[in-house]
Structures are given as C-alpha cells and as structure tokens.
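To start, the structure under review is shown below, and the notes come after it.
The values are calculated or read from the model by the stated rules, or taken from the named source; none is laboratory data. Nothing here was measured: the structure is a model prediction, and the numbers come from that model. A quick note on method: Cβ atoms are made from the backbone with ideal geometry, for glycine too, and the neighbour counts reach across all protein chains shown.
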Amino acid sequence: MNHETPLSRRRLRTWLRLLRVTRATENRLREYLRLTHETTLPRFDVMAALYNSEEPMMMSELSKRLLVSNGNASTVVNRLEKDGLVERQAQEKDRRVVKVSLTDAGRATFQAQAVGHEKMVNDIFETLGHEEIDMIRDLLRRAEDRKAQSK
C-alpha cells in the first residue's frame with residue numbers, strides 16, 4: 001500500500017488490523033485463562049478492576065470501567081461471589097447502592113492469574129521493544145484524544 005491509496009481507506013485497514021490483533025490476543029488470553037486457571041477473561045477483567053481499585057467499587061463504576069452493561073457485570077460478579085472471590089456491601093444510606101470488592105481469596109487468586117497473564121501478553125508482543133511500544137501507545141493516545149475532543 002502506498003500514499004496513492006486514499007487516507008480514509010488506509011485508516012479503515014488500520015482499524016481492521018487493530019481488530020485482528022486485539023481479537024487474536026484476546027483469544028490466546030481466553031484460552032490461557034481457561035486451561036491454566038479454569039476461568040474466563042470477563043472474570044479476570046472484573047477481578048483486575050477490583051484489584052486495581054483502592055476502594056470497593058460501585059457496580060455502575062465497575063461496568064463503566066469495563067465498558068459492559070450493568071447486567072453483564074452483575075452476572076460475572078454473581079459467579080465470583082458464589083466462588084468466594086468477591087463480596088458485596090450494601091450501603092447504609094441507600095441499600096440500592098452496592099459496592100464490590102475482592103475477598104482475600106480473590107486477591108490471591110487474581111495475583112496468581114495476573115503473573116501468567118502478564119507473561120502471555122509479554123510473549124505475544126515479544127518482537128516489540130521499548131521504542132515501538134512507546135510509539136504505539138503515543139499513537140493510540142492521539143487517536144483517543146481526538147475521539148474525546150469530538151464529543
């Protein structure tokens with residue numbers, strides 16, 4: 001492809017390539033989590049969000065951070081709660097507001113999963129060095145900033 005190809009077409013092809021890389025990466029991570037930890041990527045993502053939060057999270061905040069519906073987040077949290085990995089805390093002032101946090105068992109489980117997850121991501125992107133990673137992150141930030149400006 002050269003600069004004679006319209007820029008809009010090149011942008012479209014770049015978007016499609018980003019999708020392919022994302023889907024392939026997610027598929028490998030899903031398979032790893034399923035085979036090694038008998039869990040799913042959505043469960044891992046919920047636990048990661050809770051692990052990285054300094055305080056218990058409201059369900060609405062959790063679903064917003066994960067870019068999923070409240071119903072999807074609730075379904076995953078229900079299963080994690082049943083397994084003893086998360087706990088819900090209803091708020092005294094408004095019992096409809098529920099916050100979620102990891103239990104001690106949930107923190108330990110996530111830490112074990114996160115080590116292998118990081119190794120898998122590292123292996124997937126092993127051909128990229130510091131400069132390439134910085135370049136990709138900078139370019140994606142620019143695209144993200146452009147999206148924020150158009151709102």
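Taken over segment 130-151, the residue count meeting the criterion of being at pLDDT 95 or above and not in a helix (DSSP H, G or I) is 0. Among the residues of segment 27-43, is there at least one that is aliphatic (A, V, I, L, M), out of contact with any Gly (no Cβ under 7 Å at 6 or more places or on another chain) and not in a helix (DSSP H, G or I)? No, there is no match, as no residue in segment 27-43 is aliphatic (A, V, I, L, M), out of contact with any Gly (no Cβ under 7 Å at 6 or more places or on another chain) and not in a helix (DSSP H, G or I). With respect to being aliphatic (A, V, I, L, M) and modelled with pLDDT of 95 or more, residue 98 falls outside the description. Taken together, the residues in segment 65-106 that are surrounded by 15 or more Cβ atoms within 10 Å (Cβ to Cβ) and under 19 Å from the mean Cα position of the chain (by Cα) amount to 15.
Whenever a residue of segment 21-41 is without any contact (Cβ under 8 Å) to a residue 40 or more places away in the chain, its partners that are loosely packed, with under 13 Cβ neighbours inside 10 Å, lying with C-beta atoms within less than 8 angstrom and at least six residues away or across chains, give the pairs 40/34; 41/26.
Across segment 1-14, the qualifying residues are those that are surrounded by 11 or more Cβ atoms within 10 Å (Cβ to Cβ) and without any contact (Cβ under 8 Å) to a residue 12 or more places away in the chain, and the one among them that is farthest from residue 70 (Cα to Cα) is 10.
Could you go through segment 3-10 and let me know if any residue there is over 27 Å from residue 136 (Cα atoms) and either over 16 Å from the mean Cα position of the chain (by Cα) or assigned to a helix (DSSP H, G or I) (or both). Within segment 3-10 (the criterion being over 27 Å from residue 136 (Cα atoms) and either over 16 Å from the mean Cα position of the chain (by Cα) or assigned to a helix (DSSP H, G or I) (or both)), the answer is no, since none of the residues qualifies.
If you go through segment 44-53 one residue at a time, do you hit one that is within 30 Å of residue 123 (Cβ to Cβ) and either of a type in the set (D, E, K, R) or in contact with a Pro (Cβ under 7 Å, 6 or more places away or on another chain) (or both)? Yes, some residue in segment 44-53 is within 30 Å of residue 123 (Cβ to Cβ) and either of a type in the set (D, E, K, R) or in contact with a Pro (Cβ under 7 Å, 6 or more places away or on another chain) (or both).
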